[in-house]
Amino acid sequence: KQEVTQIPAALSVPEGENLVLNCSFTDSAIYNLQWFRQDPGKGLTSLLLIQSSQREQTSGRLNASLDKSSGRSTLYIAASQPGDSATYLCAVDNNDMRFGAGTRLTVKP
Amino acid sequence: DTAVSQTPKYLVTQMGNDKSIKCEQNLGHDTMYWYKQDSKKFLKIMFSYNNKELIINETVPNRFSPKSPDKAHLNLHINSLELGDSAVYFCASRTQSITEAFFGQGTRLTVV
């Protein structure tokens, strides 16, 4: 059974900092990995999808990497802004999507 | 147009009642999911379903049953509601293991 862990559970940074969120998984036989953000009381918004054959994906200030062999993914956020404050979730696909518990990010003005 | 829509957004009901939550996607995806997000905000998969196979998470009580009238809909029916069923339920869809998944806005269920 796939287990997904996200570290840290919470992170608070001043505006402008670059930061890294971590996601690890126990079963490396995945099809893909997806990063989401969730704002309080809202649904999930897809940020990046990395297929198992890819090493990274970029969208604006976001860059996600995938190392299947070590069971790890990172989400890099450059030049963080207060609007980035949210919970970030990674989901690993082994034929269904299993989530980590998320990282709650606060970016202070 | 909303890609994945759930109704209702809020549902307050008494213990023992039977209720349904509806989910519709207009993306042409072949796989739909139901997730439960508990008070600690952890998202737990309940069901995944495509036109070939229903996969049930073994920890889901049999009071919960998904019903799919067609590929665009996957409704969640809950019998004999209990206090512990209070949570936010999310529907999602994708083309299995290929495309990104899209989520609905969630249904906040409160059992009193």
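Details
- Flag if A:S80 is away from every other protein chain (no Cβ under 14 Å), assigned to a loop (DSSP other than H, G, I, E, B), over 15 Å from A:F25 (Cα atoms) and more than 13 Å from the chain's Cα centre (by Cα): yes
- Hits in region A:31-50 - residues which are part of a loop (DSSP other than H, G, I, E, B) and touching an Asp or Glu at 6+ places or on another chain (Cβ under 9 Å): A:Y31
- Picking from residues in region B:78-93 that are touching a Phe, Trp or Tyr at 6+ places or on another chain (Cβ under 7 Å) and either assigned to a loop (DSSP other than H, G, I, E, B) or not small (G, A, S) (or both), the one that is farthest from the other protein chains (Cβ to nearest Cβ) is B:I78.
- For region A:91-106, the criterion of being more than 10 Å from chain B (Cβ to nearest Cβ) and part of a loop (DSSP other than H, G, I, E, B) is met by none of the residues.
- Residues satisfying the stated conditions in region A:36-49, i.e. more than 10 Å from chain B (Cβ to nearest Cβ) and under 13 Å from the mean Cα position of the chain (by Cα): A:R37
- Among (1) in contact (Cβ under 8 Å) with a residue 40 or more places away in the chain; (2) outside any strand (DSSP E or B), the one test that B:I98 misses: (1)
- Strands (runs of 3 or more DSSP E) fully within region B:16-77 that include at least 3 residues being hydrophobic (A, V, I, L, M, F, W, C): B:43-50, B:54-56.
- Filtering A:S28, A:S53, A:S69, A:S12 for residues that are farther than 12 Å from A:V92 by Cα, away from every other protein chain (no Cβ under 14 Å) and in a loop (DSSP other than H, G, I, E, B) leaves a single hit, A:S69.
The numbers here are math on the coordinates, done by the rules we state, and not lab data. Remember, it's a predicted structure, so these values are computed and weren't measured experimentally. Ideal geometry is used to build each Cβ from the backbone, glycine not excepted, and the neighbour counts take in all protein chains shown.
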